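Beneath this line is the structure, given in structure tokens, with notes to follow.
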Amino acid sequence: MAPRRPGHLDHKGAIPMTITGRLLRLPGLVLRGSWVGAVVLAHALAVAASTATARLRGDAAGRGLRDGERWVRVLTRLGPSYIKIGQLLSTRRDLLPDAVTTPLARLTDSARPPRRRRVARAVRRAYRDRPWPFREFRWEPVACGSIATVHEAVTLDGRHVAVKVRRPGVAGVMWRDFTLTAAAMTALGLVPRLRRMPFKLMHDQVGGAILRQLDFRAEAGALASLRANLSGFGNVRVPAPLPELCTDETVVMEYVPDLTRFAPGDLDADTRRAVVRAVLAAIYEMLFVDGVVHCDLHPGNLYFDRRAHLVVLDAGFVIRLPDAVRRSFADFFINMALGDGWMCGQIVIDSAAQVAEDSDLEGFRTGLRELVAETSGAKSGEFDLARFAGRLFDLQRRFGLFPAPEFAFPLLSLLVIEGMIKGFDSDVDFQAEAMPVLRRRNTPRAAESTAER
């Protein structure tokens, strides 16, 4: 196979590597792996028993509700790396029943908080080398995520701020999970039919990005970048970080009061349509122009303020795409909107991480041309990104193409937001809304297709 790497992401620095040696000692890994296995097994047995009982009683609806609550409990017990999965699933109300997504939605900002004394110890430790900067600090969190809690505070000079505090002990748990899943990916790579799949490369990229959420210095910088890049959008607000008060364990930013959860609620049809277009415009600006992409815009990170403007919070899972990936993704998107499946296929081939020696490139182009023809111009209610991505990956697998793992991030960003958008406006055309942004970037490669065919 010929490597065709368009670039890679650097996720170093999540926590100092001098610490990880102590965190990843074999006994700790064994204990963590045993715990995960025991929780999963107990959950599987409970689901089997619940399903059998429900069938006897004819209580399918009740079983669905109880299963949703059970998923919340099991993901919470497994820890932050797994809670992220629940947060993603909670946004897909178009694919999963409300009985599952409604309980999972609590994982976005209502996780169980640590004990107050542990939070207080963590904050005091974060500012141990400098004067205490707060006049007031509310120890009861206003939001609790899987990696951090958020607290109101007032600085010594009177500024009202939000302080994001990393959960005590979360770094060790996430590093152990990363090591265990790396071992699992290595084992998958030994399966004869899967040997050609770049599992380790994909794990390093995606898992590394998740680990980087532990790097609060990087998050403060990402928050500043998002704020600068989206400053031209009058209806999108990103709180300003206070770099002089941020530490390795805390992110301090301006406090935005009176936030309302991102949901259709009582909004009229015109307002819902305007909101959807504002969200898509911001997402496309990240994907196609700036390359600084928020991959975690679930309802715990996206709100309305008192003027019904969008407020983007929490920049922990923000990825800077390599220019080659950003350009290729934009080229693919615009050619898909134009219905040019042949050119979409060529872009995928050119940007692939690996191409098998026995690959069938013409068969791949034909298959992708058919897929693009089916989806070009589809409305929100008709277009299913998860299904489209699944079929695209299946085509790549069947015809010997292996995508660069960096392409997972723009797809993840769209997958997280797609389910929520469908709840606001099922008639929005994802592809048409991207065109104004795409026109402001470099001329796409569509013109090349005529000469090459």
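Points worth noting:
- A simple spin-label model places pseudo-atoms 7 Å from Cα toward Cβ; at Arg261 and Glu357 they are separated by 5.6 nm.
- Qualifying trypsin sites (Lys or Arg not before Pro) in the range 275-325, DSSP loop, other Cβ atoms within 10 Å at most 16: Arg306, Arg307
- Extension gain from Asp429 to Arg277, taking 0.36 nm per residue of separation minus the Cα-Cα distance: 53.8 nm
- In the complete set of protein chains, residue-level accessible area for Trp342 is approximately 20 Å², probe 1.4 angstrom.
- Each part gets one Cα centre, and for the range 120-145 versus the range 277-351 those centres are 34 Å apart.
- Close amide-amide hydrogen proximity is noted between Gln354 and Arg4, Phe402, each under 5 Å apart and 5 or more residues distant or on a separate chain (H modeled in the peptide plane; Pro and chain starts excluded).
- Phi angles of the range 97-103 translate, via the Karplus equation with coefficients 6.51, -1.76, 1.60 and θ = phi - 60°, into HN-Hα couplings of x, 4, 4, 9, 6, 4, x Hz per residue; Gly and Pro are given as x.
- Spin-label pair Ala48-Asp268: with each label point 7 Å from Cα along the Cα-Cβ axis, the two points sit 5.6 nm from one another.
- Residue ranking by accessible heavy-atom surface, 1.4 Å probe, largest first, among Thr375, Thr181 comes out as Thr181, Thr375.
- Expressed as a whole percent, the accessible area of the range 123-257 that falls on carbon and sulfur atoms is 56 (1.4 Å probe).
- Listed values for the range 125-131 are Karplus-derived 3J(HN,Hα) couplings in whole Hz (6.51 cos²θ - 1.76 cosθ + 1.60, θ = phi - 60°), namely 5, 4, 10, 5, 9, 8, x, and x replaces Gly and Pro.
- Compactness check for the range 274-428: Cα Rg over 2.2 N^0.38 Å is 1.09.
- Vicinal HN-Hα couplings computed from phi for the range 218-235 (Karplus, 6.51 cos²θ - 1.76 cosθ + 1.60; Hz; Gly/Pro x): 5, 5, 4, x, 5, 4, 5, 5, 4, 4, 5, 5, 9, 5, x, 8, x, 10
- With semi-axes defined as the square roots of five times the eigenvalues of the C-alpha gyration tensor, the equivalent ellipsoid of the range 199-279 measures 29, 20, 12 Å, largest first.
- Per residue, the solvent-accessible area of the range 316-408 (1.4 Å probe, heavy atoms of protein chains only, all protein chains present) comes to 37 Å².
- Each residue, Asp248 and Arg307, gets one label point 7 Å from its Cα in the Cβ direction; the gap between the two is 4.0 nm.
- Kirkwood radius and radius of gyration were both taken over the C-alpha atoms of the range 305-377, and their ratio Rg/Rh is 1.17.
- Carbon/sulfur fraction of accessible area - the range 280-408, other protein chains in place, 1.4 Å, %: 47
The values are calculated or read from the model by the stated rules, or taken from the named source; none is laboratory data. Note that this is a predicted model, so its numbers are computed, not measured. We place every Cβ from the backbone using ideal geometry, glycine too, and count neighbours over all the protein chains shown. Surface areas here come from the heavy atoms of the whole protein model, side chains and all, with no ligands, DNA or RNA. Shrake-Rupley method; radii C 1.70, N 1.55, O 1.52, S 1.80 Å.
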